[in-house]
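Heads up: the structure comes next, in structure tokens.
The values are calculated or read from the model by the stated rules, or taken from the named source; none is laboratory data. Keep in mind the model is a prediction, meaning the values are calculated, not measured. Counting neighbours? That spans all protein chains shown, and the Cβs are built from the backbone with ideal geometry, glycine included. Only protein heavy atoms, including side chains, enter the accessible area calculation; ligands, DNA and RNA are left aside. Shrake-Rupley method; radii C 1.70, N 1.55, O 1.52, S 1.80 Å.
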Amino acid sequence: MAGICSSSTLSSVSNFRTSRLVETHSRRTIPGKPLHRRNVNIKAEVTYVNADEAKKLIAVEGYTILDVRDSSQYNRAHIKSCYHVPLFVENQDNDFGTIIKRTLHNNFSGLFFGLPFTKLNPDFVQSVKSQFSPESKLLLVCQEGLRSSAAANQLDQAGFQSIACITSGLQKVKPGTFDSVGTTELQDAGKAGLVTVQGKISAVLGTVLVCAYLFITFFPEQAEKLLQFAPTS
């Protein structure tokens with residue numbers, strides 16, 4: 001006789017975490033004796049919190065911070081006592097296609113924004129598993145919030161049940177919210193390359209132009225004499 005299957009989904013919501021309880025029933029009829037089988041699986045969902053809620057998760061619920069940024073941003077600034085497993089690692093492959101892409105990257109994004117040329121870390125999940133059990137409570141952090149979401153999805157699929165991320169990443173965290181280690185503030189760890197000196201260059205040029213204008217305005221005769229010494233084409 002054909003089997004009959006039915007499924008039902010129950011949801012439970014807490015202050016910080018949402019989980020789905022998926023219950024599946026299957027029933028087969030064997031001549032003279034019915035057989036019932038019941039499977040219950042718990043599917044955890046990623047929790048998104050702001051910085052203040054993240055501090056509560058750490059202090060009250062015992063979450064551990066896992067930084068998934070690349071090494072360059074991590075070294076500039078990271079939360080004290082956090083763990084580091086990068087979702088992306090530097091791409092040092094030497095095939096022709098990668099060399100072309102790396103050259104283009106280094107001359108644009110790398111030069112102006114200081115971004116390293118990276119690729120997805122193939123050992124990310126395994127590296128996390130080597131340090132944490134699936135029952136561990138992990139707060140994933142990155143600079144903008146995108147990599148932590150992608151990392152959370154991978155860990156969720158790998159069976160981790162308590163995962164949280166900071167919405168919009170460390171770039172939105174106010175100075176002093178977390179004890180940090182590094183040469184800059186957490187929210188500035190993603191800034192590198194020429195963009196970091198652009199503001200200083202603009203300020204210097206602006207100061208020079210203002211001083212030149214004031215000099216010409218208040219000392220026109222001296223300015224005219226100086227202009228006479230300027231080379232002409």
How charged is the neighbourhood of VAL89? Take every other residue with its Cβ under 10 Å from the Cβ of VAL89, and add Lys/Arg as +1 and Asp/Glu as -1.
-2
Keeping all protein chains in the complex and leaving out DNA, RNA and ligands, what accessible area do you get for VAL181 with a 1.4 Å probe, in Å² to the nearest 10?
60 Å²
For LYS129, go through the aspartates and glutamates and keep the ones whose alpha-carbon is under 20 Å away, minus same-chain ones fewer than eight residues off.
GLU45, ASP67, ASP70, ASP156
The stretch 73-106-the stretch 136-193 distance, computed between alpha-carbon centres (Å)
16 Å
When a/c reaches 1.5 or more, the comparison of a/b and b/c decides; with that in mind, is the stretch 137-197 rounded, prolate or oblate per its Cα gyration tensor?
prolate
Which of the peptides 76-82, 184-190 is most tightly packed, and how do the rest follow, going by the mean number of other Cβ atoms within 10 Å of each residue?
184-190, 76-82
Quick check on packing: order 156-162, 138-144 by the mean number of other C-beta atoms within 10 Å, highest mean leading.
138-144, 156-162
